[in-house]
Structure formats: C-alpha cells, structure tokens
Amino acid sequence: MLRQRIITAAWLAPLVLVGLFGLQGKAFALFTALMVLLGAWEWTNLAGVSRQSRRIVLVAGLAVVMLLMWLTGAAFAVWPLWCAALGWLLNLYWVIHYPDKGQQWQATPRRLAMGLWVLVPCWVGFNILRDSGAVWLLFVLLLVWSADIGAYFAGRRFGKRKLAPRVSPGKSWEGVIGGLAATTMLAVMFALWQSLTVGVGIGLVVVTVAVTLVSVLGDLLESMLKRYRNIKDSSQLLPGHGGVLDRIDSLTATIPIFTLLYLPVLQGQVPPL
C-alpha cells in the first residue's frame, strides 16, 4: 500500500502543481473544472446513485451548468460563494447532529443538491483566487496542508477529547488546536513575507483561524457521507489515496469561504505572485 501511495503521489503532485500554478484563464478553469467533475462523479455515489448511466448524466449536467457559468461570468461572481456559506452552515448543523437529523439530508436528491453547494462554489473560488494572482491560492493550499499536519501530530501526541466520535472517531479537539497553531504560524509568516500592514495582518490571522475550522468541517462532512454509505473511500481513482474527494474534501470548504473573506480583507493589499 505504501509503495502504491508513493507511486501515485510521484506523478499526481507535479501534475496538480503545474495545473494550479502553471495555467491561467481558460486553461486553469478547465483544469479545475475537471477536478471538480471527478469529485462530482464520486459524489453521485455518496448520494446513493448506483446506476452508471444516471451518474454520467448527472455529471454531464453539472458540466453544462459550469460551462454556462463561465459564459455568463458567474464563474467569477460572489453570489455562489454566499450560497456556499449558507450551505456550509447547514452542513455544520447536520454534522453536529449526526445521526439524529439524518432524515433531513439522507434522501438521494437532497444529497445531490448538497453536492452543488459544496463543489460548484469551490470551482468559483479557484477561479477568483487564481485570477487575482497565485499567492493566495498558494496560501490556501498551504493552510489546508498545515492544518492536516498540525492536527495529525497534535492528535497523536495529546489527543484525548473526541471531536465528533459518531462521525470520525479518530479526530480530537487537541488535533484541532494543533492545526490552528500551525495555520496561525503560517498566517504570520505570510503577513511578514507580503509586508502586510498590522491591521491587514491581524485580519489575515482572523480569517485563517475561521477557515481552518471550516477545513475541519469539510473533512467531517465527507466522513459523515461515507459513514452513512458504509464505504471507506469516495472511489479508487487514485490508487493508494482513495478518490479525488478524499484529497480535496477540506478544500471544498476552505476555497469558497477563504475567497469570500479574502475579497473585503485582503484584495488589493498584495501584489500578484
């Protein structure tokens, strides 16, 4: 298993980095759209759609929606991000009350609708961040990775109090604190690197803390859906790593929420990378 994980990471990591930071404009939008559509293919399974033909139709329909958003300029609009914010508030409610409130979201059409406010705003956020320069896209990626690493080591060393035992028994509050410590340090380093004013730097730290907590929610949401479906991974598209959603579950939450907060706090304060 470890050998397979290393082989997959060896070709996947360069491909993703080149796609995210080497492409711009239409090429970048297409690359990230493909990522999101692969995630949508897996989401149809999480939603309980078993017939392959129906899954293809649903993913194709989402592709058409995204194409129309690109043609009309909605792929760079703020309103999908507000939809994501409202949707993630619902997701938070359902994760906190799992499995007691499961009847509110477990119907297949409702899980498919949930996928819309999880996946589409993520794509929109990618486009907005990349269009403004790569520096804050890089920051969000480093934020998610730092949160995961900090949570892993803090959880292993200090983890005692379970965060959401009915959703993801392995996560602890100590892990969350470790993730927050790591991302706060990252925000301070970025503020210094970008020579932000004190006020904007404090704003970045506040945004970072909020978005780090949202990243945890993104992970918990997918864990909840997989637990309900009784599956370990969203798919086997990435040998040794599971599916695309297993790799981007935190990003589906952090990208749109960070972008929404970035617009008023940070936009125009930092030159493009």
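So the values come out like this:
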quantity	calculated
Residue check for Ile257: buried (at least 18 other Cβ atoms within 10 Å of the Cβ), part of a helix (DSSP H, G or I), hydrophobic (A, V, I, L, M, F, W, C) and touching a Cys at 6+ places or on another chain (Cβ under 8 Å)	no
Tally of residues being surrounded by 13 or more Cβ atoms within 10 Å (Cβ to Cβ) and either modelled with pLDDT under 95 or not in a helix (DSSP H, G or I) (or both) across the range 85-101	3
Top-ranked residue of the range 178-202 - restricted to ones that are polar (S, T, N, Q) and surrounded by 14 or more Cβ atoms within 10 Å (Cβ to Cβ), ranked as nearest to Leu142 (Cα to Cα)	Thr183
Hey, Trp136 among the aromatic types (Phe, Trp, Tyr) and either in contact with a Lys or Arg (Cβ under 7 Å, 6 or more places away or on another chain) or in contact (Cβ under 8 Å) with a residue 40 or more places away in the chain (or both) or not	yes
Pairs with Cβ under 6 Å, 6+ apart, first in the range 149-162 and aliphatic (A, V, I, L, M), second crowded, with 16+ Cβ neighbours inside 10 Å and modelled with pLDDT of 95 or more	Ala151/Gly175; Ala151/Gly178; Ala151/Gly179; Ala154/Glu174; Ala154/Gly175; Ala154/Gly178
Options Trp145, Trp117: the member that is part of a helix (DSSP H, G or I), buried (at least 19 other Cβ atoms within 10 Å of the Cβ) and out of contact with any Asp or Glu (no Cβ under 6 Å at 6 or more places or on another chain)	Trp117
Hey, Phe158 modelled with pLDDT under 95 and more than 17 Å from Glu222 (Cα to Cα) or not	yes
Counted residues, the range 70-82 - those being of a type in the set (A, V, I, L, M) and over 20 Å from the mean Cα position of the chain (by Cα)	1
Single condition Gly199 does not satisfy, out of (1) modelled with pLDDT of 90 or more; (2) in a helix (DSSP H, G or I)	(1)
Residue list for the range 226-254, restricted to those being part of a helix (DSSP H, G or I) and free of Cβ contacts under 8 Å to residues at least 40 places away in the same chain	Asp246, Arg247, Asp249
Any hit, the range 218-225, residues being within 20 Å of Arg111 (Cα to Cα), assigned to a helix (DSSP H, G or I) and acidic (Asp, Glu)	yes
Qualifying residue in the range 94-101 (condition: under 17 Å from the mean Cα position of the chain (by Cα) and of a type in the set (Val, Ile, Thr))	yes
Subset tally (residues that are farther than 20 Å from Lys162 by Cβ and in contact with a Leu (Cβ under 8 Å, 6 or more places away or on another chain)) for the range 172-200	7
Counted residues, the range 10-52 - those being of a type in the set (Ser, Thr, Tyr), assigned to a helix (DSSP H, G or I) and over 13 Å from Asn127 (Cβ atoms)	1
Residue match in the range 68-89 (condition: free of Cβ contacts under 8 Å to residues at least 12 places away in the same chain, within 28 Å of Val265 (Cβ to Cβ) and small (Gly, Ala, Ser))	yes
Which listed residue, of Ser132, Ser223, Ser235, is of a type in the set (Gly, Ala, Ser), buried (at least 16 other Cβ atoms within 10 Å of the Cβ), in contact with a strand residue (DSSP E or B) (Cβ under 6 Å, 6 or more places away or on another chain) and within 30 Å of Met69 (Cβ to Cβ)	Ser223
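The values are calculated or read from the model by the stated rules, or taken from the named source; none is laboratory data. As the structure is a prediction and not an experimental result, all values here were calculated from the model. Neighbour counts are summed over all protein chains in view; Cβ atoms, including those assigned to glycine, are modelled from backbone coordinates with ideal geometry.
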